[in-house]
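K.L.:
My questions will all concern the structure given below.
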Amino acid sequence: HPSSWSPLPPITPEQLAVAMRVRRFFSGNLNAMVAGYPYFPWKEAGYLRAQLARILHSTVVSPKNLWIIPEDAENAKPEQNPGYIPAPASELLSAKGWNHHRAYIMPEYNMCSPPVQEGEDEEDKKGNP
């Protein structure tokens, strides 16, 4: 039934790796096999979940300096900056006023924090998740 919701399965790095190379339209049937090359041996629900993960991790942004990455922990989660002062609305009109909030999905299908842009000073790096 089109009005019902179905939970999507968790995905594995292997599913994500294959899904990143597959170029197929969705059929709308979560139980359908995904035809095409490279072969995707899981059902459309897994393909949809992998594509949603890619979209989510590349599009979630927050205002610059809102988050701090602890320097002492590898792959640490960002913490909200207690000294954050919201930027004027005029600064938020430009992409330079924003940072990616979620980790990037790397070609090895691991997660990492977005790279620090060249030319940023040390204070900017602390607020760049």
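The values are calculated or read from the model by the stated rules, or taken from the named source; none is laboratory data. Because the structure is a prediction, the values reported are computed rather than measured. So basically every Cβ, Gly included, is an ideal-geometry build from the backbone, and we count neighbours across all protein chains shown. Side chains included, ligands, DNA and RNA excluded: accessible areas come from the protein's heavy atoms. Shrake-Rupley method; radii C 1.70, N 1.55, O 1.52, S 1.80 Å.
K.L.:
In segment 1-37, what residues are of a type in the set (Val, Ile, Thr) and not in a loop (DSSP other than H, G, I, E, B)?
P.N.:
We begin by selecting, within segment 1-37, every residue of a type in the set (Val, Ile, Thr); these are 11-12, 18, 22, 34.
Once the filter is applied, which keeps residues that are of a type in the set (Val, Ile, Thr) and not in a loop (DSSP other than H, G, I, E, B), segment 1-37 yields 18, 34.
K.L.:
Residue by residue through segment 1-11, note down the ones that are at pLDDT 90 or above and open to solvent by less than 100 Å² (accessible area, probe 1.4 Å).
P.N.:
Initial filter on segment 1-11 (at pLDDT 90 or above): 7-10.
Listed by number, the residues that qualify are 8, 9.
K.L.:
Next question, about the same structure. Pull up segment 24-57, narrow it to residues that are over 20 Å from residue 3 (Cβ atoms), more than 22 Å from the chain's Cα centre (by Cα) and open to solvent by less than 50 Å² (accessible area, probe 1.4 Å), then point me to the one that is modelled with the highest pLDDT.
P.N.:
34
K.L.:
Check off (1) open to solvent by less than 40 Å² (accessible area, probe 1.4 Å); (2) at pLDDT 80 or above for residue 76 and give me the number that stays unchecked.
P.N.:
Residue 76 satisfies every listed condition except (2).
K.L.:
Scan segment 58-68 residue by residue and report those that are over 10 Å from the mean Cα position of the chain (by Cα) and open to solvent by 40 Å² or more (accessible area, probe 1.4 Å).
P.N.:
From segment 58-68, those over 10 Å from the mean Cα position of the chain (by Cα) are 62-68; that's our starting set.
Across segment 58-68, the qualifying residues are 64, 65, 67, 68.
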